[in-house]
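*Asks:* So that we are looking at the same thing, I have put the structure below in structure tokens.
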Amino acid sequence: MATVRAAELRDLDAIVSIYNHYVATTHFTFDTVPFTTLQRRPWFDQFDGGRYRALVLEHDGAVIGYANSAPLKSKPAYATSVEVSIYLAADQIGQGGGAQLYEALLDGLSAEDTHRAYALIALPNSPSIAFHRRYGFNQVAVLHEVGRKFDRYWDVAWFEKALS
Ligand SMILES: CC(C)(COP(=O)(O)OP(=O)(O)OC[C@H]1O[C@@H](n2cnc3c(N)ncnc32)[C@H](O)[C@@H]1OP(=O)(O)O)[C@@H](O)C(=O)NCCC(=O)NCCS
């Protein structure tokens, strides 16, 4: 049985490895160059266990997925809005792990001074859209051809969830 817990620095290698698969092979993230663990450290350091947190899904001592909340924008009035993100190891998709991670993440965020969560989904990604709708996110915008990766432009849908 997989369990969810707060991410620790010792998990960063595994988190980076999971993420780099999607960086290198998909348009799901607009990062284009895989990270080293050291390069990903500033990203990890933003998590304060409050509004901004990272959770890992662990099975048999191995990290098989993670989810996080991060600042949506840096200007202070945006502080009650967070951007959420989730990545499962590619061979762990569709087994309930995403549900475990998001239930824990969204429960935790609702106890913080947060008001809105946003998921930015590069299109197409119908599993992610179905997943976010399942957790109460509604599409509020599509930015057309806002990113370029693999020599083509991609749309991004913004999904919003009320946290309070
Ligand atoms: C999106 C993602 C995190 C979902 O996690 P998951 O572990 O595969 O999802 P779960 O098995 O926990 O599914 C939870 C619910 O989401 C919905 N869902 C998930 N995948 C779905 C799919 N392919 N089609 C339709 N609904 C889906 C269902 O409602 C499901 O509940 P159910 O199984 O009771 O029907 C996972 O697919 C993933 O890591 N994808 C690649 C990375 C990615 O796209 N990240 C998001 C970037 S925006």
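*Asks:* Among the residues of segment 87-118, how many are more than 6 Å from the ligand (Cβ to nearest atom) and either farther than 18 Å from V140 by Cα or in contact with a His (Cβ under 7 Å, 6 or more places away or on another chain) (or both)?
*Replies:* The total comes to 19.
*Asks:* Before we move on, is F35 under 13 Å from the mean Cα position of the chain (by Cα), of a type in the set (A, V, I, L, M, F, W, C), away from the ligand (no atom under 14 Å from the Cβ) and buried (at least 17 other Cβ atoms within 10 Å of the Cβ)?
*Replies:* Judged against the criteria, F35 is not a match.
*Asks:* Next up: Any chance segment 73-83 includes a residue that's touching a Phe, Trp or Tyr at 6+ places or on another chain (Cβ under 8 Å), within 17 Å of I15 (Cβ to Cβ) and of a type in the set (A, V, I, L, M)?
*Replies:* no
*Asks:* Select from segment 6-32 the residues that are aliphatic (A, V, I, L, M) and surrounded by fewer than 15 Cβ atoms within 10 Å (Cβ to Cβ) and write down the one among them that is nearest to G97 (Cα to Cα).
*Replies:* Of everything passing the filter in segment 6-32, A6 is nearest to G97 (Cα to Cα).
*Asks:* Related question: Would you pick out the residues in segment 18-44 that are without any contact (Cβ under 8 Å) to a residue 40 or more places away in the chain and within 20 Å of A117 (Cα to Cα)?
*Replies:* Residues satisfying the conditions are W43, F44.
*Asks:* Only one of these is crowded, with 18+ Cβ neighbours inside 10 Å, of a type outside the set (S, T, Y) and over 19 Å from R5 (Cβ atoms): I129, I121. Name it.
*Replies:* Checking each option against the conditions leaves just I121.
*Asks:* For segment 61-92, which residues satisfy the criterion of being in a strand (DSSP E or B) and loosely packed, with under 14 Cβ neighbours inside 10 Å?
*Replies:* Of everything in segment 61-92, just one residue is in a strand (DSSP E or B) and loosely packed, with under 14 Cβ neighbours inside 10 Å, namely A62.
*Asks:* So, one more: Mind listing just one residue for me: the one in segment 100-138 that is among the β-branched types (V, I, T) and outside any helix (DSSP H, G or I) and, of those, nearest to the chain's Cα centre (by Cα)?
*Replies:* Ranking the candidates gives I121 first.
*Asks:* Another question about this same structure. Would segment 136-148 turn up any residue that is farther than 25 Å from Y78 by Cα and more than 14 Å from the ligand (Cβ to nearest atom)?
*Replies:* Checked segment 136-148: at least one residue is farther than 25 Å from Y78 by Cα and more than 14 Å from the ligand (Cβ to nearest atom).
*Asks:* Please go through segment 122-149 and pick out each residue that is in contact (Cβ under 8 Å) with a residue 60 or more places away in the chain and closer than 20 Å to A90 by Cβ.
*Replies:* Of everything in segment 122-149, those that are in contact (Cβ under 8 Å) with a residue 60 or more places away in the chain and closer than 20 Å to A90 by Cβ turn out to be A122, N125, S128, K149.
*Asks:* Right, something else. For P42, state whether it is part of a helix (DSSP H, G or I) and surrounded by fewer than 18 Cβ atoms within 10 Å (Cβ to Cβ).
*Replies:* yes
*Asks:* Could I ask something else about it? So the check is Cβ under 6 Å with 6+ separation or different chains; which pairs have a first residue in segment 93-121 that's closer than 20 Å to D48 by Cβ and a second one that's basic (K, R) and assigned to a loop (DSSP other than H, G, I, E, B)?
*Replies:* Going by the 6 Å Cβ cut-off, the qualifying pairs are E112/R51; T114/R51.
*Asks:* Contact list please: Cβ distance under 6 Å, first residue in segment 1-17 and part of a loop (DSSP other than H, G, I, E, B), second residue of a type in the set (S, T, N, Q), pairs at least six apart or on different chains.
*Replies:* Going by the 6 Å Cβ cut-off, there are no qualifying pairs.
*Asks:* In segment 22-32, which residues are in a helix (DSSP H, G or I) and either away from the ligand (no atom under 13 Å from the Cβ) or among the hydrophobic types (A, V, I, L, M, F, W, C) (or both)?
*Replies:* Result: V23, A24.
Quick note: the coordinates plus some simple rules give every number you see, no bench work behind them. All values derive from a computational prediction rather than experimental measurement. Quick reminder, even Gly has a Cβ in these numbers, built from the backbone with ideal geometry, and neighbours come from all protein chains shown.
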